[in-house]
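What follows is calculated from the coordinates using simple rules that are stated; it is not laboratory data. As the structure is a prediction and not an experimental result, all values here were calculated from the model. Using ideal geometry, Cβ is built from the backbone for each residue, glycine included, and neighbour counts are taken over all protein chains shown.
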Amino acid sequence: MQNASYRSLELLCRNQAALSAHEETKKTLEQMACEYQVLAEDQERQQSLHQNAMRSRIDIDQTHSRAIIREIGKRLRASLGEDRELPARMGMQIDRLRRLEDQ
């Protein structure tokens, strides 16, 4: 049951409550089912929001994409301070990106 969804746990608790002859056990299982229901609804709402966010992707052309990338780089350099020395490996990667950008 390690990967069980909240919805399946809710249904399992409801089924077990229906089968139980002991009233206190039945009541506890119904309470658990209600808690799992709230968690399942929240999880489903989050998944729906994520799916909607992915659907509203904006396609932009390469010119605008490059402009956005340059602006992000400019702001990062300003906030981090360009005079800080980078690790050698990162410096090599940045040089490589600059060469690729000039092509």
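Comparing 85, 23, 71 in a Gaussian network model of the chain where C-alpha atoms under 10 Å apart are linked, the largest mean-square fluctuation is found at 85.
Tell me whether the range 6-55 comes out rounded, prolate or oblate; compute the Cα gyration tensor, take square roots of the eigenvalues as a ≥ b ≥ c, and use a/c under 1.5 as the rounded threshold.
The shape class here is prolate.
A dipole drawn for the range 6-55 from +1 and -1 charges on Cβ atoms has a positive end, and of 29, 50, 19 the residue lying farthest that way is 50.
Once R0 is set to 35 Å, what does the formula 1/(1 + (r/R0)^6) return for the Cβ-Cβ distance between residue 88 and residue 67, expressed as a FRET efficiency to the nearest 0.05?
0.75
Projecting the Cα atoms of 67, 91, 79 onto the dipole axis of the range 62-102, where Lys and Arg carry +1 and Asp and Glu carry -1 at the beta carbon, places 67 farthest toward the positive end. Once the C-beta distance of residue 38 and residue 12 is scaled by a Förster radius of 22 Å, the resulting FRET efficiency is 0.90 to the nearest 0.05. Taken over the alpha carbons of the chain as equal point scatterers, the Debye sum produces base-10 log I(q)/I(0) values at 0.16, 0.18 Å⁻¹ of -0.84, -0.94.
Of the residues 46, 62, 37, which exhibits the maximal mean-square fluctuation in a Gaussian network model of the chain defined by a 10 Å Cα contact cut-off? Taking springs between Cα atoms under 10 Å, the residue moving most is 62. Shape class of the range 62-102 from the Cα gyration tensor (axes a ≥ b ≥ c, square roots of the eigenvalues): oblate, since a/c reaches 1.5 or more and a/b does not exceed b/c. If only the Cβ of Lys and Arg carry +1 and only the Cβ of Asp and Glu carry -1, the dipole of the chain around its Cα centre is close to 500 debye.
Going from the residue with the fewest nearby Cβ atoms within 10 Å to the one with the most, 90, 32 rank 90, 32. From its DSSP helices (H runs of at least four residues, each -39,500 (n - 2.57)), the chain gives a residue-normalised ellipticity at 222 nm of -27000 deg cm²/dmol.
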